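The values are calculated or read from the model by the stated rules, or taken from the named source; none is laboratory data. Please read these numbers as outputs of a predicted model, since none were measured by experiment. No Cβ is skipped: glycine too gets one built from the backbone with ideal geometry, and neighbour counts run over all protein chains shown. Protein only, heavy atoms only, side chains kept; ligands, DNA and RNA dropped before computing areas. Shrake-Rupley method; radii C 1.70, N 1.55, O 1.52, S 1.80 Å.
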Amino acid sequence: MASTGLMGEQGVSAEAMPSLQERDLLLRRLADLAVLPPGRVTPQERALVDMVMATAVSRLDVAQRCRIAERVAQLPEGPRELTLALARDTIEVAAPVLAEAANIQGSDLVEIIRVTSMDHRLAIAGRKTLPPAAIDALIEYGNADVVRRMLENRSTEIPGRSMEVLVRRSASEPELHASLLERPELNQRLALLMFWWVSSGALRVEILNRHAVERRMMHIAIADVLEAGLAASGADEALRVALSLVRPPATIAKPQLTRLVNLAALGQREEFVMELAREARLRPETAFRIVSDFGGEPLAVLAKALGLSRQEFGDLIVAVAELRSGYMPAKSDIERITAVFDTISTDRADLVLHLWDWSISGEAQFPPTAEE
């Protein structure tokens, strides 16, 4: 083994070691001053110590910096500059500060999120309180693991606009689906928008069960003024779509159902979709989305909203299969979507239809279906 001669293992001479030890002792003493309660040190002294330690703390080894970070993280009014220096340190040092330090401001969190690592963002995502600006920064700069941890952090309230961004983002990141569905901020419109791209039939059923509601009292309260109010809305398309959420279901007449089945048998896809949209009081885009969806749950919802019997629902499945060049769902798929048909009430199904219509009318961006 080669001799280290007069130099230590890190290239420091033996004569220099005492001075390094003295330096570290000095910095540790200053760190002790920095974490004293505010009343024990004058504000001016405290600010000076904070400034010196923020510059010098990186000279200490990782173990010493970790100990200081753990102490700083517990302070309700810790030294600001030292706290920020530790927050930008390696994740081993920064983790307790990022997760717990109370005196990091929202603008500081945003900057740290922008310039540090994904591990730093993951630690921030678990903080007890996250200001809206930090939430937006985590959404912008964080990967799916960071966003999922933020969603699972129940002490954080996510603003409505941020939820909208997250729901749309989940179209390409299925790992966010389950966590989003657990958030209390997820409203009916966003949940039923996400319905179209959730990664399993079980999650689709969960969305329907949670976000489809009966409107009995609403219908009773507005029955005598509804039609006049709808007529008065005139050409206001946005109002018309919104008011469609409160209208009672309109069941399809048997001759119209027969006409729909015949249109499908003849392969007249466009006419079928347009007629279906008229009968269900939907936009053509929504009817097309329902017909194009290979999962089958939307068709079950539509059939129930239109008041179809089980047998008529079976006829509609066959009709839609005709439009898909004879593609028929497997027996297990038919059983699954029939269970949806059996479970949901006509009123709840109608509400779901028009919430879908509302989402699409709001220029919702859907991922392509298997046909498109």
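Which one, (1) 207; (2) 339; (3) 139, gives volume of the Cα convex hull per residue in Å³ as derived from the coordinates shown?
(1)
Show me the ranking of peptides 204-210, 300-306, 44-50 by mean Cβ neighbours inside 10 Å, starting with the highest.
300-306, 204-210, 44-50
Of the listed peptides 230-240, 79-89, what is their order by residue-averaged count of other C-beta atoms within 10 Å, with the highest listed first?
Going by the mean number of other Cβ atoms within 10 Å, highest first, we get 79-89, 230-240.
Compute the projected area of the convex hull of the Cα atoms of the range 69-189, averaged over all viewing directions, and report it in nm² to one decimal place.
Numbers: hull surface 27.7 nm².
So the Cα hull casts an average projection of 6.9 nm².
Where Lys and Arg each count +1 and Asp and Glu each count -1, what net charge lies around Ala221 among other residues with Cβ under 15 Å from its Cβ?
-1
Quick check: residue separation of Lys331 and Arg168 times 0.36 nm, minus the Cα distance between them. What number comes out in nm? Please list the in-between numbers first.
Working: separation 163, 0.36 × 163 = 58.68 nm, distance 3.22 nm.
Full extension of this stretch gives 55.5 nm more.
What relative contact order, as a whole-number percentage, does the chain give when Cα pairs under 8 Å and 6 or more residues apart are counted?
Numbers: 405 pairs, mean separation 42.4, N = 372.
Value for the chain: 11 percent.
Which whole-Hz couplings ³J(HN,Hα) result when phi for each residue of the range 92-107 is put into the Karplus expression 6.51 cos²θ - 1.76 cosθ + 1.60, θ = phi - 60°, listed in order with x for Gly and Pro?
These are the phi-based 3J(HN,Hα) values: 4, 7, 6, 3, x, 5, 5, 7, 10, 4, 7, 9, 8, 7, x, 5 Hz.
For the chain, with every protein chain kept in place, what is the accessible area per residue (1.4 Å probe, Å²)?
50
What list of ³J(HN,Hα) couplings, whole Hz, do you get for the range 242-256 from phi and the Karplus terms 6.51, -1.76, 1.60, once you set θ to phi - 60° and write x for glycine and proline?
Karplus values, whole Hz, x for Gly and Pro: 5, 5, 4, 5, 10, 6, x, x, 10, 6, 8, 6, 4, x, 5.
If Lys and Arg each add +1 and Asp and Glu each add -1, what is the summed charge of the other residues whose beta carbon sits under 12 Å from the beta carbon of Val110?
-2
Which percent of the accessible heavy-atom area of the chain goes to carbon and sulfur, probe 1.4 angstrom?
56
For Lys254, Lys128, what's the largest-to-smallest order of accessible area, 1.4 Å probe?
Solvent-accessible surface, decreasing: Lys128, Lys254.
Between Met53, Met150, Met218, find the one with the highest GNM mean-square fluctuation for the chain; connect C-alpha pairs within less than 10 Å.
Comparing Met53, Met150, Met218 in the GNM, the peak value goes to Met218.
Hey, with R₀ at 45 Å, roughly what FRET efficiency would Leu20 and Arg114 work out to, going by the Cβ-Cβ distance, to 0.05?
With R0 = 45 Å, the Cβ-Cβ based efficiency is 0.85.
May I ask you to evaluate 6.51 cos²θ - 1.76 cosθ + 1.60, the Karplus curve with θ = phi - 60°, for each residue of the range 124-140 and list the ³J(HN,Hα) values in order in whole Hz, giving x for glycine and proline?
Once rounded to whole Hz, the list reads 5, 4, x, 4, 5, 10, 10, x, x, 5, 5, 4, 5, 5, 5, 5, 6.
Using the Cα gyration tensor of the range 256-355, with a ≥ b ≥ c the square roots of its eigenvalues, what is the shape: rounded (a/c below 1.5), prolate (a/b larger than b/c) or oblate (neither)?
Note, shape of the range 256-355 comes out oblate.
Which cross-chain or sequence-distant (5 or more) residues have an amide H under 5 Å from the amide H of Leu130, H modelled 1.01 Å from N in plane?
Result for Leu130 returns Glu157.
For every helix of n ≥ 4 consecutive DSSP H residues, a contribution of -39,500 (n - 2.57) applies; sum these over the chain, divide by its total residues, and give [θ] at 222 nm rounded to the nearest 500 deg cm²/dmol. Write down the numbers at each step before the final one.
Numbers: 23 runs with 238 residues, N = 372.
Computed ellipticity for the chain at 222 nm equals -19000 deg cm²/dmol.
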